[in-house]
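Notes follow the structure.
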Amino acid sequence: MRRIHVAVVIWLSVLFAPSYGKCGTTVVLLRHAEKATSPANDPPLSAAGESRANVLADVLADAGVGAIFITEYQRTRQTAAPLAAQLHVNPQVIPASNSHELVEVIRNIHEGVVVVVGHSNTIPTIIAGLGGPSVMISDNEFDNLFILTIGPSGTSFVRLHYGSNSTSAKAPAEKQEHAMQLKFSRSGGFAGTATNVEGVVTFHDGTAEVNSSNGYQRSLNPAEVQSLKQSMDLKYLRGLGAPQTDLRDAYQYDVVIDLDNKKRESFSFHDQAAEGKTNNLLQWIAEECRKIWEYRTKQ
Amino acid sequence: METATRCSIFCILPPQVLVAIAKNAPTPEQREAAIDALSIDHSLRNQRQTFSLMGGLQVGALSSVSPDASGRPQKHRTIYDCGQGTALPGNVKRTEGQAAVTDSSVDHAYDGLGDTFDFYLNNHERNSIDNKGLPLIASVHYSNKYNNAFWNGQQMVFGDGDGAIFGDFTLPLDVIGHELTHGVTGSEANLVYQGQSGALNESISDVFGSLVKQYKNNETVDKADWLIGKGLFTPRVHGTALRSMAAPGTAYDDPILGKDPQPADMQHYVNTPSDNGGVHLNSGIPNHAFYLAAKAIGGSAWTGAGPIWYDTLIDKNLKATANFAAFADLTVRHAGLRFGNNSPHQKAVFDAWQRVGVLKKAAQVAA
């Protein structure tokens, strides 16, 4: 093992010599990104983890990274993979249980930037071993990016965060998003354009109003406002997926929800999509379209 | 599996996901890959479609109907009543061989299903929607004042209309022929219901819906009205029908409904995200091409242009993602196969597509 590490040090010295002066070593340390739930012994990254790994590659694209250290677990390899591919750097594997050897390797690098992808229980050990402060990474934290600079005059340490916030639970964040407007339109159907209708619901605090370009207008009573707001369960709506495709001549409903945080959610559904579902937004939209049509025919 | 060599992530995705990718993917490469995967395997496609047709509702329980002693395929119709609700299929109101009931929607649907079955059997030796004797199911009185009729992949569904603009959707025979033909297309090329292939899917339903009506009424191409949904509007509407194959864009012009927006040629092709990419709009273009071809051939359309379109529809070379030009090329080829290369029939078909701007003048007539 020691012989291998000596080889690594020699290789690193050659690598860094031309482009960096003797201004010390910058060590970027992070825990692997979000992992999947199985297999328990060596899970790969989850989708969230994969996107975080891509962010990492963007964040460190121009940092002058000359070496990447990972462990034997695939989640560390996958976290480093986009960066490694971009920089054409081959990550070096040092087993997670050999943190002290990794510390030794890094101490023998005197210049350049290295990246260490480890685990919530190894990164603090490595930071401490390199003379940094004591840190703690909790189980649900994946967004830490620690920068430790080792120079002739001592070490400096910075704790950054990258990618999306991994600690604040997703659900409360979504609950804080309030709908400002709900736009919907109905198209398709055997009659085609002839039966198209559209409308907009605008919410102000506890009240809401529906308008259509054909002059249709009505205020929702407080109970209906509350029920409609509850039915705009973004998590549920995002999970609706693609509209059923073996339907022919069914009405197509296109929906856009503008949120107060300037975000926009959009989805489409067809007749029958609401059948047997607990969420009543789809039924509410279909019924409102019928009312708007009815208003049109009474003009 | 034959397609193993081409397998990618798209091979394992269900078609509706592929369609979503084809519609929404951020890069052209992803869209193309999804479209490509959708059109990969014709044998699998048929197998899958049959499964889908036989899979749901009561259809699976009713096995295909065997020919009677004469060897002739038999109809097997069941008409349900939704009672203004939206749960399908509803309560059984009339089954095969039973006498007419007092509900005219039930009887119209029953008769229309029979006329459509007879059209396909007598003219194309087709045994029901899937050519395997699939029992025919329709539900009437769907939802409240519902201005629509649709095919849900397994059965037909009819609304009563709002009474203000639309009447009962079981009234026009071509509406019934239209919806059942969606089932036929679904078990053949299964043209993707989006953009040009979607407009072709719609047009094929209009074409055969109209042919069912012309055959039933024994109308020549000159006698036929070439209208879709005639009789659906209430008398107050300024219009004769929902669509005109003879003159797309002229079926109605009404203060409430506006003007019939269908284009008749490629110059007026409409790009829109609504209605699955304007499938009920741009269908006017292939609709008009069929009309022009049928008129030029003359006689009764179900023995002239009709069989050419039918041969094209069941041709395994017709891809699910076919555009207008690909479909047009195939009709020209089938006109040649059925009536001879350089026959007046083939010339009529080519000229029709050229007049609506789908085929170019200089294009070679496919042999």
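The values are calculated or read from the model by the stated rules, or taken from the named source; none is laboratory data. Just so it is clear, the model here is predicted, and its values are computed rather than measured. Neighbour counts are summed over all protein chains in view; Cβ atoms, including those assigned to glycine, are modelled from backbone coordinates with ideal geometry.
Residues that are within 8 Å of chain A (Cβ to nearest Cβ) and farther than 19 Å from B:L113 by Cα were ranked within region B:155-181; the one that is surrounded by the most Cβ atoms within 10 Å (Cβ to Cβ) is B:F166. Considering only residues in region B:229-250 that are aliphatic (A, V, I, L, M) and more than 9 Å from chain A (Cβ to nearest Cβ), the one that is nearest to B:S283 (Cα to Cα) turns out to be B:M245. If you go through region A:200-216 and keep only what is exposed (fewer than 15 other Cβ atoms within 10 Å of the Cβ) and touching a residue at least 60 places away in the same chain (Cβ under 8 Å), you end up with just A:G215.
Here A:V93 clears all of (1) within 14 Å of A:R31 (Cα to Cα); (2) at pLDDT 90 or above; (3) surrounded by fewer than 19 Cβ atoms within 10 Å (Cβ to Cβ) except the condition numbered (1). Checking each residue in region B:310-352 for being over 24 Å from B:G183 (Cα atoms) and in a loop (DSSP other than H, G, I, E, B) picks out B:G340, B:N341, B:N342, B:S343. Would you check which residues across region A:192-249 are in a strand (DSSP E or B), within 27 Å of B:Q262 (Cα to Cα) and of a type outside the set (A, V, I, L, M) and list them? Listed by number, the residues that qualify are A:E198, A:G199, A:R248.
I'd like to know if region B:81-100 contains one or more residues that are surrounded by 20 or more Cβ atoms within 10 Å (Cβ to Cβ) and among the hydroxyl-bearing types (S, T, Y). Within region B:81-100 (the criterion being surrounded by 20 or more Cβ atoms within 10 Å (Cβ to Cβ) and among the hydroxyl-bearing types (S, T, Y)), the answer is no, since none of the residues qualifies.
Residues are listed down the side, and each one gets a yes or a no for (1) out of contact with any Cys (no Cβ under 9 Å at 6 or more places or on another chain); (2) modelled with pLDDT under 95; (3) under 22 Å from B:T170 (Cα atoms); (4) not in a strand (DSSP E or B):
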residue	(1), (2), (3), (4)
B:D68	yes, yes, no, yes
B:Y80	yes, no, yes, no
B:L88	no, yes, yes, yes
B:A100	yes, no, yes, yes
B:V106	yes, no, yes, yes
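Scan region B:276-283 and tell me whether some residue there is touching a Leu at 6+ places or on another chain (Cβ under 6 Å) and within 14 Å of chain A (Cβ to nearest Cβ). No, region B:276-283 has no match at all.
Set side by side, the residues A:E141, A:E104 differ, and just one is over 22 Å from A:G24 (Cβ atoms) and not polar (S, T, N, Q), which is A:E141. If you go through region A:217-253 and keep only what is surrounded by fewer than 20 Cβ atoms within 10 Å (Cβ to Cβ), under 29 Å from B:I256 (Cβ atoms) and within 14 Å of another protein chain (Cβ to nearest Cβ), you end up with nothing. The criterion of at least 1 residues that are out of contact with any helix residue (DSSP H, G or I) (no Cβ under 8 Å at 6 or more places or on another chain) and of a type in the set (D, E) is met, among helices (runs of 4 or more DSSP H) falling completely within region A:47-113, by A:47-59.
Scanning region B:73-114 for residues that are touching a Leu at 6+ places or on another chain (Cβ under 8 Å) and farther than 21 Å from B:Y142 by Cβ yields B:P73, B:K75, B:H76. Yes or no: region A:266-281 includes at least one residue that is in a loop (DSSP other than H, G, I, E, B) and modelled with pLDDT of 90 or more. Checked against the condition, which is being in a loop (DSSP other than H, G, I, E, B) and modelled with pLDDT of 90 or more, region A:266-281 yields no hits at all. I'm checking my understanding of the structure. Among residues of region A:110-158 that are within 20 Å of the chain's Cα centre (by Cα) and surrounded by fewer than 16 Cβ atoms within 10 Å (Cβ to Cβ), which one is nearest to A:N41 (Cα to Cα)? Per the criteria, the residue is A:D139. Please work out which residue is surrounded by the most Cβ atoms within 10 Å (Cβ to Cβ), limiting yourself to region B:252-285 and to residues that are within 19 Å of the chain's Cα centre (by Cα), without any contact (Cβ under 8 Å) to a residue 40 or more places away in the chain and assigned to a loop (DSSP other than H, G, I, E, B). Per the stated criteria, the residue is B:Q262. Condition first: closer than 30 Å to B:A149 by Cα, over 13 Å from the mean Cα position of the chain (by Cα) and either modelled with pLDDT of 90 or more or away from chain B (no Cβ under 14 Å) (or both). Can you find one or more residues in region A:166-182 that meet it? The answer is yes, given that some residue of region A:166-182 is closer than 30 Å to B:A149 by Cα, over 13 Å from the mean Cα position of the chain (by Cα) and either modelled with pLDDT of 90 or more or away from chain B (no Cβ under 14 Å) (or both).
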